[in-house]
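Trainee: Submitted below is the structure of interest, expressed as structure tokens.
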Amino acid sequence: MKKKIDVSKYFAYLFLITVCLIWVIPLIFGISTSFRSQAEVVNEGFRLLPVNWIVDNYVTILENTSSAPILRWIGNSLFISITHTLLVVVVISVTGYGYARMKFKGRDVLFFTLLGISFFPNVVNIIPMYRIMDLFGWVNTPWAMIVPGLAGMGNIFLVRQFMKGLPMELDESARVDGAGDFTIYFRIILPLIKPVLIVAGLFSFIGSWNDFLWPVIVFTDVQRMPVTAGLLLLQDIYGNYQMVGRLMGSAILAIIPTLLLFLFAQKHFVSAINLNAGLKG
């Protein structure tokens, strides 16, 4: 007997291929534009690939270390994102342990109250948060981006739900042997929650790297800007039609770190999908 044709499967493949092309073609065009000459950008119109491949745009970008130091911006973003991610992992693991494994009065009420407050848009906190950063003297410093968001309730909720799936007998047997909360957290719970911490760390790094509105507000010093705020500044420097290649080249350089992160940690991104799908309340 002939195999029954699964029409829905072919439609699913067609849909996925179409979505992939919609996403990939602008990316290819952006990369190819960064290798075009200014004359070709102006005169040739839309071409997926350039007629003549040149690297002059990248040479100009990298040589400009005064008004648009792209490599310094990328270094600033790396320091901010890595430091923020490491601190996030520490904060959410300790906080998640408190909400999931420790018993104290009002624990659940406090947790769900903070979780509800976190549903408000972050934009409503911009003015008070800026005043706080200014009060601490953190404007134009990396701490203005590192500290806010360390105790994100989304990550804490993820870690808490993962910890609640671990048997409480682990804690009870450890307490019988004389272990305290710190020992239980550090030697028993922490090794078991590494998968969820890796997932939260990856998303925290990407969120910090891609943050745009907040760094534009708190950074005015060109040499201290992260790359997202720097790209906005580049619109004034390379924003005219004849310098689109340089602007696109700067944008391509800015996505290289996150692209490398995805290539080396893609299995953890896949596990994040399974982890979110399998959380127990």
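Trainee: Any idea which residue in the stretch 70-103 is modelled with the lowest pLDDT, counting only those that are under 18 Å from Met153 (Cβ atoms) and exposed (fewer than 13 other Cβ atoms within 10 Å of the Cβ)?
Mentor: Met102
Trainee: Quickly run through the stretch 69-107 and pick out the residues that are of a type in the set (Phe, Trp, Tyr) and touching a residue at least 60 places away in the same chain (Cβ under 8 Å).
Mentor: First pass over the stretch 69-107, keeping only residues of a type in the set (Phe, Trp, Tyr): 73, 79, 97, 99, 104.
Answer for the stretch 69-107, where residues must be of a type in the set (Phe, Trp, Tyr) and touching a residue at least 60 places away in the same chain (Cβ under 8 Å): Trp73, Phe79, Tyr97, Tyr99.
Trainee: Counting residues that are without any contact (Cβ under 8 Å) to a residue 12 or more places away in the chain, surrounded by fewer than 16 Cβ atoms within 10 Å (Cβ to Cβ) and charged (D, E, K, R), which helices (runs of 4 or more DSSP H) fully inside the stretch 159-268 reach at least 3?
Mentor: Numbers: elements: 169-176, 194-210, 213-218, 227-237.
Output list reads 169-176.
For every residue, the table says whether it meets (1) within 30 Å of Gln38 (Cβ to Cβ); (2) of a type in the set (Asp, Glu); (3) touching a Ser or Thr at 6+ places or on another chain (Cβ under 9 Å).
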residue: Ile61; (1), (2), (3): yes, no, yes
residue: Val91; (1), (2), (3): no, no, no
residue: Tyr97; (1), (2), (3): no, no, no
residue: Phe111; (1), (2), (3): no, no, no
residue: Ile117; (1), (2), (3): no, no, no
residue: Phe120; (1), (2), (3): no, no, no
residue: Pro128; (1), (2), (3): no, no, no
residue: Met145; (1), (2), (3): no, no, yes
residue: Met153; (1), (2), (3): no, no, yes
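Trainee: Please go through the stretch 233-258 and give me each residue that is at pLDDT 80 or above and either more than 17 Å from Ser34 (Cα to Cα) or in the same structural domain as Trp53 (by TED's automatic domain parsing) (or both), ordered by number. Steps first, answer last, please.
Mentor: First, the residues of the stretch 233-258 that are at pLDDT 80 or above: 233-234, 244-258.
Answer for the stretch 233-258, where residues must be at pLDDT 80 or above and either more than 17 Å from Ser34 (Cα to Cα) or in the same structural domain as Trp53 (by TED's automatic domain parsing) (or both): Leu233, Pro257, Thr258.
The values are calculated or read from the model by the stated rules, or taken from the named source; none is laboratory data. Bear in mind that the values here come from a model prediction, so they are computed numbers and not experimental data. As a convention, Cβ positions derive from the backbone with ideal geometry for all residues, glycine included, and neighbour counts pool all protein chains shown.
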